[in-house]
Each structure stands twice: as structure tokens, then as C-alpha cells.
Amino acid sequence: MDWWQVLFLIVGGLIALMLIRVPVAFSFFTVNIVAAIFLWGGGNGLIQLIQSIEDSLTTFALVPIPLFILMGEIMFHTGIAPKMIDSVDKWIGRLPGRLSLLAVGSGTLLSTLTGSTMASTAVLGSTLIPEMEQRGYKKPMTIGPILGSGGLAVMIPPSALGVLLASIGKISIGAFMIAIILPGILMAFLFALYIILRAKMQPELAPNYSLSSVPLMEKIRTSIIYILPLGFIIFLVVGLIFLGIATPTEAAAMGAFGSVILAALYGRLNWASLQKAFTSTMKVSVMMLIIVAGSTAFSHILSFSGVTRNLVDLIQNLQFSPIFILIAMLLLVIIMGTFMESLSIMMIILPMFIPIAQILDINLLWFATMLLITIEIGAISPPFGVGLFVMKGVAPQGTKMKEIYSASFPFIALDIVLIILVFIFPELATWLPELMKN
């Protein structure tokens with residue numbers, strides 16, 4: 001059987017299983033088991049598959065995943081986020097679209113704590129949408145900003161999806177966490193700029209309302225109590241990695257420990273919240289580790305069958321420039337995002353795209369940063385983006401999926417603008433990691 005036939009059968013089988021709603025991890029393991037039996041030789045193939053799974057999971061590089069998730073779950077279940085959002089609200093003042101800007105500002109801070117698009121979207125939606133509706137904000141300025149801001153959780157460390165991408169792609173987790181900082185901040189800036197401009201041009205979408213002034217000392221007081229400590233947690237995670245003091249695993253452990261201490265200091269740490277945090281962490285961590293195991297085995301099967309080698313040779317022999325091939329890969333991911341969720345896309349593309357990027361001598365940090373943005377676009381891309389359905393769950397009763405789809409399009413466009421900026425200016429992704437080396 002030719003390599004392209006093997007590729008067609010494997011990928012086609014995966015997509016078929018996902019279309020009939022078989023869970024992502026089980027879809028990959030089904031294909032892996034069948035391929036191992038036929039390509040690796042029956043019982044021996046299954047033994048080799050088990051060894052591949054064991055090797056993929058018994059690595060120290062994966063430890064940050066559950067620790068980062070635990071940090072976010074503790075912050076989420078102890079209810080620290082609403083107080084933080086209230087503190088940010090005091091500083092925004094009378095800017096056009098202030099509640100939408102509050103969603104972006106709070107989403108940026110939340111992203112340093114949750115690392116999860118779904119958690120961030122759920123917190124922002126349940127906290128802000130009722131007041132937005134009460135103030136007369138229309139759907140494009142309520143649902144849209146929260147959908148976009150939820151995606152910041154992927155682009156600002158600690159990003160669980162970013163750690164997973166780096167792990168599967170065999171990229172330095174620490175360097176990648178630093179690489180996505182500037183693009184993440186730029187994404188928040190683009191969202192805020194869009195909101196201000198649209199609120200000025202269409203004030204009926206975000207009506208002004210009377211606002212009682214908050215004394216400067218009150219702003220400073222609440223910031224010291226609820227925002228400054230979060231800065232310390234951010235330093236424990238990002239600062240220690242950037243300064244070379246701690247590995248990603250050590251920084252993740254410090255961040256999780258710091259979040260426990262912070263929750264205790266606020267008087268919000270109790271057995272019930274800890275139990276919920278640990279239970280959620282175990283569920284999400286197990287899911288992600290199963291995905292890592294399935295993706296690694298999938299990568300080994302592609303390599304053994306000759307698919308990876310022949311695909312790389314085919315790309316090398318094409319008379320297209322590396323830039324054209326890079327653009328084609330990113331466009332393919334955006335298209336896949338319209339009907340597949342982020343983890344499925346990542347598991348399918350990385351075993352094929354990373355070798356291609358390496359043979360084309362493309363900077364992997366730059367490439368992975370653009371990939372992460374394109375994968376995140378899928379979370380808010382109609383019709384099957386998971387962020388859209390989370391939003392449906394927290395949106396006011398009677399909100400139609402059509403309205404959610406419509407509100408997501410401007411923020412998808414802004415994400416594409418960000419990809420173009422990172423594409424044109426690779427330093428946005430490579431400058432900070434290079435400073436780490438110096």
C-alpha cells in the first residue's frame with residue numbers, strides 16, 4: 001500500500017469517527033490500535049503501541065500541565081475572579097464601550113490564572129453579561145468581546161493548550177510560554193482598539209450611562225488587595241521562567257502553591273473548593289495526557305508507515321517557496337477549525353507539520369505561535385467552536401446561536417490580523433525567548 005493511501009485511510013478514519021461523535025481520545029486510540037495491528041504486525045504491534053504510550057507519558061516535561069490546570073481551578077472555584085473583575089472596573093472610567101473593555105481587561109488578567117478558554121469565557125459571561133444587558137448593550141458588544149477575550153487564555157501564559165502544543169511538537173515549553181506573551185498582549189490591544197472604535201461609530205451598540213466617580217485611593221486600595229497579589233502569581237509562573245531561575249515544571253508548582261496561599265489569605269480556601277479544584281484538575285489532566293499518548297502513538301505510526309518521510313520529501317520537491325507552504329498550512333488549520341475542535345486539530349496536524357517546518361528551516365517558536373492562534377480561532381469559529389457553545393450556556397435565555405455566530409466574526413478577523421502581524425514581524429514571537437538566552 002502506498003504512503004498516501006495509508007495517510008488517507010488514517011486521517012479519513014479519524015475524521016469519520018469524530019463525525020459520529022466518538023470522543024477525540026478514543027478516536028485516536030481506535031485508529032492507533034488498528035494501524036498497529038496491520039502495520040506493526042499483530043500482537044507485536046500492540047506491544048509496541050503500549051511501549052510508545054508509556055514512553056510518551058513518563059516524561060518530566062508533562063508535569064506542568066496538571067500544575068497549571070490546578071492553579072487555574074483553585075482561582076476559579078475559590079471565587080477570586082469576580083473581585084478581580086470589580087477592581088479592573090474601577091480603573092476603566094468613561095471610555096466608550098467600557099463594559100466591553102472590562103471584558104478584555106478582565107480576560108487578560110484571567111488568562112494568567114485559568115489557562116483555559118472555556119473557564120475564562122464562562123467566568124466573564126456569567127459575571128458581565130447580566131450588567132451589559134441591563135445597560136442596554138447589544139449582542140455584538142456583549143457576546144463578541146467575551147468570546148474574543150476567552151481566547152486570551154490560550155495566548156497568555158500559563159496556557160494549557162500552549163503547553164500541550166509544545167509537548168507534542170517537541171518544543172521547549174519554557175521558551176514557548178515566553179514566546180506567546182507579546183502576541184497575547186497584542187491580541188488584547190487589538191480587541192480593545194476595535195471596541196473603542198466601534199463604540200464611537202455605533203454608540204447605540206454600547207450606550208453611555210451615568211457612572212459614579214471612584215476616589216483614587218479606593219482604586220489603589222482595591223488594586224493592592226486584588227490585583228497586585230495576582231501580579232506576584234504571574235511573576236512566579238512567567239518571571240521565574242524568563243529569568244532562568246526555574247524550569248516550567250518548577251514555575252508551575254510555585255504558581256499552584258501561590259494560588260493556594262492567595263485563596264487562603266482571602267479567606268476563600270475551604271475543603272469544598274479544594275475538592276472541586278482537585279477533581280476538575282484530575283479530569284482535565286487525564287483527558288490531556290490521554291491526548292498526548294494518542295498523538296505520540298499517531299506520530300510514531302505515521303513515521304513507521306513512511307507517511308512523514310514521504311510527505312516531507314513531497315514538500316521539498318514542490319516548486320513553491322517555504323513562505324507559500326507555511327501560509328497553506330495555516331489556512332488549512334483555519335478551515336479545519338470550522339468543523340473540528342482545537343485538540344483534534346492539534347493531534348492531527350502536529351505530527352505532520354512540525355517535520356515539514358523543520359525541513360524548511362522555519363523557526364519553530366514563530367511557527368508554533370501562529371499555529372496556536374489559528375487553532376484558537378477554531379474555538380470561536382462557527383458552526384462547531386467549543387467557545388460558542390460555552391457562550392450559549394451563559395448567555396441570556398432566548399439568545400440564538402445565529403447571534404453568537406454573528407458576534408464572533410469580528411474577533412475571528414482580529415485574530416487573523418494578529419497572525420498577519422506575527423507573520424510579517426517574527427520578532428513578536430522570537431524577541432523575548434532570545435532575551436532569555438542572553
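The values are calculated or read from the model by the stated rules, or taken from the named source; none is laboratory data. Treat the numbers as computed from the prediction; the structure is a model and nothing was measured. Here Cβ is always computed from backbone atoms with ideal geometry, including for glycine, and neighbour counts include all displayed protein chains. For accessibility, only protein heavy atoms count, side chains too; no ligands or nucleic acids. Shrake-Rupley method; radii C 1.70, N 1.55, O 1.52, S 1.80 Å.
Which one of 39, 124, 262 has the biggest mean-square fluctuation once the chain is modelled by GNM with Cα springs under 10 Å? Residue with maximal mean-square fluctuation among 39, 124, 262: 39. Seen against the Cα atoms of the chain and their longest principal axis, helix 139-150 is set at about 60 degrees. Measure nothing but the geometry: give the 0 to 90° angle between the long axis through the Cα atoms of 80-92 and the longest principal axis through the Cα atoms of the chain, rounded to 10°. Approximately 60 degrees, to the nearest 10. A DSSP coil position with no more than 15 other Cβ atoms inside 10 Å describes the following trypsin sites (Lys or Arg not before Pro) in region 325-409: 400. Surface composition of region 303-410: carbon and sulfur atoms hold 66% of the protein heavy-atom accessible area at a 1.4 Å probe.
Take the chain, connect every pair of alpha-carbon atoms lying under 10 Å apart with a spring to form a Gaussian network, then pick out the residue of 309, 21, 94 with the largest mean-square fluctuation. Of the options given, 21 has the highest mean-square fluctuation. Estimated purely from DSSP H runs of n ≥ 4, each contributing -39500 (n - 2.57), the mean residue ellipticity at 222 nm for the chain is -24500 deg cm²/dmol once divided by its residues. Counting heavy atoms of the protein chains alone, residue 77 has an accessible area of about 60 Å² for a 1.4 Å probe. Ignoring lysines fewer than eight residues from residue 283 along the same chain, the ones with Cα atoms less than 26 angstrom from its Cα are 170, 392. Counted residue by residue at 0.36 nm each, then reduced by the alpha carbon distance between them, the extension gain from residue 209 to residue 268 reaches 17.9 nm. The accessible surface of region 1-160, taken with every protein chain in place and a 1.4 Å probe, is 67 percent carbon and sulfur. Each Lys and Arg Cβ is given +1 and each Asp and Glu Cβ -1; about its Cα centre, the chain then shows a dipole of about 1140 debye. Residues considered: 360, 274, 95. Largest GNM mean-square fluctuation over the chain, using C-alpha springs under 10 Å, is found at 95.
Checking the a/c ratio against 1.5 first, then a/b against b/c, what shape does the Cα gyration tensor give for region 289-355? Cα axes put region 289-355 in the oblate bin.
Shape analysis of region 233-289 places it in the oblate category; the axes a ≥ b ≥ c from the Cα gyration tensor give an a/c of at least 1.5, with a/b not above b/c.
For region 26-68, the gyration tensor built on C-alpha atoms gives an oblate shape. Its axis ratio a/c (a ≥ b ≥ c) is at least 1.5, and a/b is not larger than b/c. Computed from backbone phi, the HN-Hα couplings of region 337-345 come to x, 6, 9, 10, 8, 4, 5, 4, 4 Hz, rounded to whole numbers (Karplus: 6.51 cos²θ - 1.76 cosθ + 1.60, θ = phi - 60°; Gly and Pro given as x).
Going by accessible surface with a 1.4 Å probe and the largest first, 221, 98, 135 read 221, 135, 98. Residue order by solvent-accessible surface for 40, 271 is 271, 40, largest first, with ligands and nucleic acids left out and a 1.4 Å probe. Among 55, 361, 415, 86, the order of accessible area from largest down is 361, 55, 86, 415, computed with a 1.4 Å probe on protein heavy atoms. For the chain, the longest principal axis of the Cα atoms and the long axis of helix 364-379 meet at an angle of about 70 degrees.
Here the simple spin-label model places points 7 Å from the Cα toward Cβ, and for residue 22 and residue 279 these points are separated by 3.1 nm. For region 66-171, the solvent-accessible area with a 1.4 angstrom probe is 25 square angstrom per residue.
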